[in-house]
Amino acid sequence: MGGHPRQLLAFTNRDKTEPLRSLSVMTRIYDMIIRCDSAERGRTMIYFDNSATTKPYPEALQSYVTVAGKYFGNPSSIHSLGGEAERLLTQSRTIAAQLLRVKPSEIIFTSGGTEGNNLAIKGIAMRNRSRGKHIITTNIEHASVFEAYKQLEELGFDVTYLPVNEHGVVSVEDVKRALREDTILVSIIHVNNETGAIQPVAEIGTLLSNHPKIRFHVDHVQGIGKVPLDLYASHIDLCSISGHKFHSVKGTGLLYVRDGVRLDPILSGGQQELKYRSGTENLPGIVAMVKALRMTMEQVKEKVAHLQSLQAELVRFFKEMEDVTINTSLAYAAPHILNVSFVGLKPEVVVHALEEHGVYVSTKSACSSKANEVSRVLVSMGVPHAAAASAIRISLAPENTMEEVKQFEGIVKETMPKLYEVMR
């Protein structure tokens, strides 16, 4: 079966009488699409946009297909098929809790980071609004957090947005000074999704442990599997992660809610997920996510060391280039994200020029990349406007290789001078 990728997709849609029954068939079609696309462009794909999403592990896909076909019962149903699904759901919750070193009763499965962040923030805010309406966060949060607070402000909540330093890191002292009698929540991103800056969440958690009525939420979406985080030792009350950031399928995630913490649901309906999230559970996605989480946590030290070596090589390369500004401070950053500016070039132009050579990077966060605005994260760090307006993000995965990095460097050397020549 050959032809253009669109024809391959049309074939799968047209042949409705014989649905795809196995992962092998799906994988062959997927590989054909990639091969056709690569052949048309005459290149090999170098994917450096892993903070936007990651390629699912084959094992996670296999788990998804198996569960979707065999354990299709509703976990809430009282018959045997429902019972089988419920047992698998319970096992998945137990394994996820073991991997995160928490209790199964503290795991709520969600559709991803955005839902997890919204449930944590709005759920705590609405639950505790009679006690206070003051919330503390930073200027560099993910859009799902930032916009959630804008909505809460419309409802009368008072939100303090703390600044960060030139490295993109918030000060623990600033958090301490911002605390008030009516503060009910502090929400801090662990690893910034644009620059990779690591926030001192453990130190902030220790500070807040002296204020037991204030809840502490951490967005750990970009940190999972790259930057260790002990949820108990860091005194974290709520923590969000997203499956597709660590090689699971999209539409999966979880929210850790410490025992004793109460929040109002944001979805009405049934009483699934410990009564916090109504709606039939995405069991195939949950199993796939837990499988990917287990694989992600295996040999994590070796994977992080590999990412550090790739990142260090990229930094060495960019330091030797003219008109390039490195916006990520390595001493304070996660090993998989590097934010750089080709000053004077529009980031969209750079992204598409690299794409023509099979290289995939991004501008800002994928959740806000289509907004024609200068990154508020870089502006908050004091990055000059010209550099902030020219920034791109390179984000790596353990599956990336040094060979890919070297190929990327060669493509940049070839492409950027041509772009500058055209622009000037």
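Please specify each residue of the range 165-213 satisfying the condition of being under 22 Å from the mean Cα position of the chain (by Cα) and either in the same structural domain as T328 (by TED's automatic domain parsing) or of a type in the set (D, E, K, R) (or both).
Residue satisfying the conditions is E194 alone.
Residue-wise test of (1) of a type in the set (G, A, S); (2) farther than 13 Å from T296 by Cβ; (3) out of contact with any Phe, Trp or Tyr (no Cβ under 6 Å at 6 or more places or on another chain); (4) surrounded by fewer than 24 Cβ atoms within 10 Å (Cβ to Cβ).
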residue: H211; (1), (2), (3), (4): no, yes, yes, yes
residue: H217; (1), (2), (3), (4): no, yes, yes, no
residue: K226; (1), (2), (3), (4): no, no, yes, no
residue: D230; (1), (2), (3), (4): no, yes, yes, yes
residue: S234; (1), (2), (3), (4): yes, yes, yes, yes
residue: C239; (1), (2), (3), (4): no, yes, no, no
residue: K245; (1), (2), (3), (4): no, no, yes, no
residue: L255; (1), (2), (3), (4): no, yes, yes, no
residue: R258; (1), (2), (3), (4): no, yes, yes, yes
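Is it the case that the range 94-111 has a residue that's on the phi > 0 side of the Ramachandran plot and among the small types (G, A, S)?
Let us first name the residues in the range 94-111 that are on the phi > 0 side of the Ramachandran plot, namely 101.
Pick out the ones that are also among the small types (G, A, S) and you get none.
There is no residue in the range 94-111 that is on the phi > 0 side of the Ramachandran plot and among the small types (G, A, S).
Only one of (1) of a type in the set (A, V, I, L, M); (2) farther than 19 Å from R93 by Cα; (3) touching a helix residue (DSSP H, G or I) at 6+ places or on another chain (Cβ under 7 Å) is not met by A288, so which one is it?
So A288 meets the others, but not (2).
Surrounded by 21 or more Cβ atoms within 10 Å (Cβ to Cβ), within 19 Å of the chain's Cα centre (by Cα) and closer than 29 Å to T114 by Cα: is that true of V361 in this structure?
Considered against the rule, which asks whether it is surrounded by 21 or more Cβ atoms within 10 Å (Cβ to Cβ), within 19 Å of the chain's Cα centre (by Cα) and closer than 29 Å to T114 by Cα, V361 comes out as yes.
I'd like the full set of residues that are at pLDDT 90 or above and among the small types (G, A, S), limited to the range 347-377.
Residues satisfying the conditions are A353, G358, S362, S375.
Do any helices (runs of 4 or more DSSP H) entirely within the range 46-152 hold 2 or more residues that are acidic (D, E), and if so, which?
80-100
Checking I135 against (1) buried (at least 21 other Cβ atoms within 10 Å of the Cβ); (2) closer than 21 Å to L283 by Cα, which single condition isn't satisfied?
It is condition (2) that I135 fails.
Every residue in the range 83-93 that is surrounded by 15 or more Cβ atoms within 10 Å (Cβ to Cβ) and either outside the structural domain of T110 (by TED's automatic domain parsing) or of a type outside the set (A, V, I, L, M) (or both), please.
E84, E86, S92, R93, listed by residue number.
As an exercise: evaluate E147 against (1) touching a His at 6+ places or on another chain (Cβ under 8 Å); (2) closer than 18 Å to D219 by Cα; (3) surrounded by fewer than 18 Cβ atoms within 10 Å (Cβ to Cβ) and give the number of the one condition it does not meet.
Answer for E147: the failing condition is (1).
So for the range 308-329 (the condition being at pLDDT 95 or above, under 30 Å from R93 (Cα atoms) and buried (at least 22 other Cβ atoms within 10 Å of the Cβ)), does at least one residue qualify?
Within the range 308-329 (the criterion being at pLDDT 95 or above, under 30 Å from R93 (Cα atoms) and buried (at least 22 other Cβ atoms within 10 Å of the Cβ)), the answer is no, since none of the residues qualifies.
Just wondering, is there one or more residues in the range 281-304 that are surrounded by 23 or more Cβ atoms within 10 Å (Cβ to Cβ) and either among the basic types (K, R) or free of Cβ contacts under 8 Å to residues at least 40 places away in the same chain (or both)?
yes
May I ask you to list the residues in the range 170-224 that are within 25 Å of I326 (Cα to Cα), of a type outside the set (A, V, I, L, M, F, W, C) and free of Cβ contacts under 8 Å to residues at least 40 places away in the same chain?
S171, H190, P200, H220 - these are the residues of the range 170-224 that are within 25 Å of I326 (Cα to Cα), of a type outside the set (A, V, I, L, M, F, W, C) and free of Cβ contacts under 8 Å to residues at least 40 places away in the same chain.
Residue check: is G168 in contact with a strand residue (DSSP E or B) (Cβ under 7 Å, 6 or more places away or on another chain), at positive phi and part of a loop (DSSP other than H, G, I, E, B)?
On the way: in contact with a strand residue (DSSP E or B) (Cβ under 7 Å, 6 or more places away or on another chain): yes; at positive phi: yes; part of a loop (DSSP other than H, G, I, E, B): yes.
Considered against the rule, which asks whether it is in contact with a strand residue (DSSP E or B) (Cβ under 7 Å, 6 or more places away or on another chain), at positive phi and part of a loop (DSSP other than H, G, I, E, B), G168 comes out as yes.
Of the residues in the range 318-341, how many are hydrophobic (A, V, I, L, M, F, W, C), under 19 Å from S51 (Cβ atoms) and outside any loop (DSSP other than H, G, I, E, B)?
Of the range 318-341, the ones hydrophobic (A, V, I, L, M, F, W, C) are 318, 321, 324, 326, 330-331, 333-334, 337-338, 340.
In the following step, the residues that additionally are under 19 Å from S51 (Cβ atoms) were identified as 318, 326, 330, 333-334, 337-338, 340.
Next cut, outside any loop (DSSP other than H, G, I, E, B) only: 318, 326, 330, 333, 337-338, 340.
Total satisfying the criteria: 7.
The values are calculated or read from the model by the stated rules, or taken from the named source; none is laboratory data. Owing to the predicted nature of the structure, the values given are computational and were not obtained by experimental measurement. Virtual Cβ from ideal backbone geometry, glycine too; neighbours counted across all protein chains shown.
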